[in-house]
1. Does PHE93 count as among the aromatic types (Phe, Trp, Tyr) and touching a residue at least 40 places away in the same chain (Cβ under 8 Å)?
2. With the requirement that a residue be in a loop (DSSP other than H, G, I, E, B) and open to solvent by less than 50 Å² (accessible area, probe 1.4 Å), what does segment 66-81 give you?
3. Take ALA168 and tell me if it is under 26 Å from SER66 (Cα atoms), out of contact with any strand residue (DSSP E or B) (no Cβ under 8 Å at 6 or more places or on another chain), aliphatic (A, V, I, L, M) and free of Cβ contacts under 8 Å to residues at least 40 places away in the same chain.
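The values are calculated or read from the model by the stated rules, or taken from the named source; none is laboratory data. Every value quoted in this text rests on a predicted model; they were computed, and no experiment measured them. So basically every Cβ, Gly included, is an ideal-geometry build from the backbone, and we count neighbours across all protein chains shown. Side chains included, ligands, DNA and RNA excluded: accessible areas come from the protein's heavy atoms. Shrake-Rupley method; radii C 1.70, N 1.55, O 1.52, S 1.80 Å.
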Amino acid sequence: MTLTKIRRSQGNGQLASSWNLLLPDAMATGKSVRVVRLSCVLVACIFAALAQTQKLPGLEQPIPFSHKLHAGEQKLNCATCHKNADPGARMGFPTVAMCLQCHAEIKTDSPSIQKLAALANEKKEVGWRRVYQVPSYVRFNHRSHLAANSACVTCHGNVAEFEQMYKAVNINMPDCIKCHEANGARTGCSYCHPRMK
């Protein structure tokens, strides 16, 4: 007995007619098994295609840069590429010349590295997009945090696992205060908000 006949025998004509449209008697045989299998394969292929075309989290940069490769696999220290120029408030972005210290010989056939070389010839910089932005009303100095042995991962997440940089840690006042308290740093308003003196 097919599924449609079972539904009819239960006395629900409306339900039975809807099942007739979806599962005709011919599909109650081996054909239905093949249709279900093919449908599952089709759905799996669609999900696989979508997974491959999804964008990475974070801002797309002018030149793709993998922290996972450089900081993770190659074990480069953050300060290798991110210099802390005076007065130390910000960490800098790698310059084209800095990238080409390695990439003048490594992976030179890559279109991204060729783009870097072209920028160097034109005496231009990459124009990296900043992922973390300190608000204008907050005084923050990277150098003082580095001097206090703060780890980059505390505020930026484990970037050594990121294919593309993204805002992994939500930096906000309660979290900053919590960290300052845990490390014996000052928490007075005017310490981070100089206009509140």
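1. Details: among the aromatic types (Phe, Trp, Tyr): yes; touching a residue at least 40 places away in the same chain (Cβ under 8 Å): no.
Spelling it out, it is not the case that PHE93 is among the aromatic types (Phe, Trp, Tyr) and touching a residue at least 40 places away in the same chain (Cβ under 8 Å).
2. Within segment 66-81, the subset in a loop (DSSP other than H, G, I, E, B) is 66, 74-77.
Result: SER66, single match.
3. On the way: under 26 Å from SER66 (Cα atoms): yes; out of contact with any strand residue (DSSP E or B) (no Cβ under 8 Å at 6 or more places or on another chain): yes; aliphatic (A, V, I, L, M): yes; free of Cβ contacts under 8 Å to residues at least 40 places away in the same chain: yes.
Answer is yes for this residue.
To keep it simple, each residue is scored yes or no on (1) among the small types (Gly, Ala, Ser); (2) under 25 Å from the mean Cα position of the chain (by Cα); (3) at pLDDT below 95.
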position: ALA120; (1), (2), (3): yes, no, no
position: SER136; (1), (2), (3): yes, no, yes
position: ASN172; (1), (2), (3): no, yes, yes
position: GLY188; (1), (2), (3): yes, no, yes
position: CYS192; (1), (2), (3): no, no, yes
